[in-house]
Amino acid sequence: MVRPRILIADDHVLVVEALKRLLEPEYEVVGSASDGQELLDLAQQLKPDVILVDIGLPVMDGLTAGHQLRQIVPQAKLLVVTLYDDLDIAGEAMRRWASGYLLKKSAATELTKAIAEVLRGNRYITPSVGRRLNDEFTRDPRIDRERTLTPRQREVLQLLAEGRTMRETASLLHVTPRTVAFHKYRIMEEFGLKNNSELVLFAIKEHVISTRKQET
């Protein structure tokens, strides 16, 4: 019987080795990538059935790589396995390219369950994230609703517009600089902002900061 072929993308060697040991009795682990660009190259070469994608990849982050993977290997099921339980990141991945979203703190049995689900053509979201996404959708289910900043986006926008660096913002919000970068560029993409000056003006327009704050 042919076993499903899995490609792992994670920049931590210990995580990759642990995933291999867990999966190899049931699946064929065909390779591993330590950054986003290597992931794209290996995916195109190996054409796996399932790709485990960490969001926090170096060189090219997992969100960007995932979007490109959907074009390069459309037949592959893309399953996020990450530390990030941020709803904006989870929602972005599930809307655009992911078949599943799992946290690294999840039990090993949940990973095998998630892989089985996506291979059957279903979607899988770890329950803690799924419940929160569902609550958010229930509050406002309109697909064509007017674009508004999420609470996390407002926090990031405020700190950046006040002159904080990405690293300082990350420290204050207890997230990684990569998470801050994701939110910043997502805001700029959604609202058509081209540079940091426009970002600050947008923050004022949205009453995230005041003009008085900028003058001090």
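Tabulated data for the structure shown
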item	result
Matching residues in region 5-29 - criterion: being surrounded by 16 or more Cβ atoms within 10 Å (Cβ to Cβ) and more than 20 Å from the chain's Cα centre (by Cα)	Arg5, Leu23, Tyr27, Val29
Residues that are in a strand (DSSP E or B) and either in contact (Cβ under 8 Å) with a residue 60 or more places away in the chain or acidic (Asp, Glu) (or both), drawn from region 8-43	Glu28
Scan of region 47-80 for residues that are within 18 Å of Leu19 (Cα to Cα) and modelled with pLDDT of 95 or more, ordered by number	Pro48, Asp49, Val50, Ile51, Leu52, Val53, Asp54, Lys77, Leu78, Leu79, Val80
Every residue from region 44-65 that is surrounded by 24 or more Cβ atoms within 10 Å (Cβ to Cβ), assigned to a helix (DSSP H, G or I) and either touching a Leu at 6+ places or on another chain (Cβ under 6 Å) or free of Cβ contacts under 8 Å to residues at least 40 places away in the same chain (or both)	Ala65
Whichever residue in region 68-80 is of a type outside the set (A, V, I, L, M, F, W, C) and in a helix (DSSP H, G or I) and, among such residues, is surrounded by the most Cβ atoms within 10 Å (Cβ to Cβ)	Gln68
Residue within region 81-101 that is touching a strand residue (DSSP E or B) at 6+ places or on another chain (Cβ under 8 Å), surrounded by fewer than 17 Cβ atoms within 10 Å (Cβ to Cβ) and at pLDDT 95 or above present	no
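The values are calculated or read from the model by the stated rules, or taken from the named source; none is laboratory data. Given the structure is predicted, the values throughout are model-derived calculations rather than measurements. Glycine also receives a Cβ, built like all others from the backbone with ideal geometry; neighbour counts cover every protein chain displayed.
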